[in-house]
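The values are calculated or read from the model by the stated rules, or taken from the named source; none is laboratory data. What you are looking at is a predicted structure, and each value in this text was computed from that prediction instead of being measured. Backbone-built Cβ (ideal geometry, glycine too); neighbour counts: all protein chains shown. Side chains included, ligands, DNA and RNA excluded: accessible areas come from the protein's heavy atoms. Shrake-Rupley method; radii C 1.70, N 1.55, O 1.52, S 1.80 Å.
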Amino acid sequence: RPPRGGNRTLVRVLMGAAALIVFVGVVVGAWHFGSAMNDGSGQEGTEAGNTTDDGDSKDEDSADVAALTPSSISDFDPQGDGEHPDNAPFAIDGDPSTDWSTQTYKGENFGGYKSGVGLIIDMGGPVEVHSADIELGPGGSDVELRVGDEKSLDALQTVGEAQGAAGATTIEPDDPAKGRYVLVWFTDIPQVDGGWRGSINEIELHGKS
């Protein structure tokens, strides 16, 4: 019969081996769990980083947008002989108390003579228009914002519009519009004292030059 001390030694050895196996299992399991967590965290970190980068890019783009300085402005009346051309500069003089107005018509739809009138701004070179802040006269007018590289109604693309607008009005193209010329084009004017007339106190363009 083996000695009692030998049995105790054998038991201790077996218990030690079992404990070692359990320890190794725990370590391996923890390593696999940690690896899985790290993989998930890495993906989330990348997505968050991309979001931050996109935000920074948008902030940089917004920072580049500023008020644009026109080279000149004139009335635009392709179907007539002029719409108070001497007053056109009042629309970009920075003084909202001055204004340019259309002729006063004795009937709606420009008296039936025209499809529209407006003011055309020469920027002196190509620009990227992001928005136009327009201070319109009272009554409610329908206006279009057109941009292009030629002083022709067909060549000036409509990039935004406002209907029944009066007072402070902002027109923002869905996408920035590029061109040298910017036209604020009345397609309908309100009835006021004495007839139908539209007016603009101020135009301020924002974008990139």
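Couple of notes before you dig in:
- Breaking point among (1) touching a strand residue (DSSP E or B) at 6+ places or on another chain (Cβ under 9 Å); (2) open to solvent by 50 Å² or more (accessible area, probe 1.4 Å); (3) touching a residue at least 60 places away in the same chain (Cβ under 8 Å), for residue 168: (3)
- Extreme residue, most open to solvent (accessible area, probe 1.4 Å), among residues of the range 176-206 that are touching a strand residue (DSSP E or B) at 6+ places or on another chain (Cβ under 8 Å) and of a type in the set (D, E, K, R): 178
- Any pair with Cβ under 7 angstrom, 6 or more apart, that starts in the range 75-89 at a residue that is at pLDDT 95 or above and ends at one that is of a type in the set (A, V, I, L, M) and part of a loop (DSSP other than H, G, I, E, B): 78/153
- Among residues that are within 26 Å of the chain's Cα centre (by Cα) and under 21 Å from residue 194 (Cα atoms), residue 156 is not included.
- Here residue 199 does not qualify as more than 23 Å from residue 80 (Cα to Cα), at pLDDT 95 or above and hydroxyl-bearing (Ser, Thr, Tyr).
- Residues that are modelled with pLDDT of 95 or more and either more than 30 Å from the chain's Cα centre (by Cα) or under 22 Å from residue 74 (Cβ atoms) (or both), drawn from the range 179-194: 179, 180, 181, 182, 183, 184, 185, 186, 187, 188, 189, 191
- When residues in the range 76-90 are screened for being in a loop (DSSP other than H, G, I, E, B), surrounded by fewer than 18 Cβ atoms within 10 Å (Cβ to Cβ) and not small (Gly, Ala, Ser), 4 of them pass.
- Pick from the range 91-146, criterion over 20 Å from residue 172 (Cα atoms), in a strand (DSSP E or B) and in contact with a strand residue (DSSP E or B) (Cβ under 7 Å, 6 or more places away or on another chain), ranking: most open to solvent (accessible area, probe 1.4 Å): 138
- Condition met for residue 209 (more than 19 Å from residue 137 (Cβ to Cβ), open to solvent by 20 Å² or more (accessible area, probe 1.4 Å) and over 20 Å from the mean Cα position of the chain (by Cα)): no
- Scanning the range 57-74 for residues being within 14 Å of residue 209 (Cβ to Cβ) and at pLDDT below 95 gives a total of 2.
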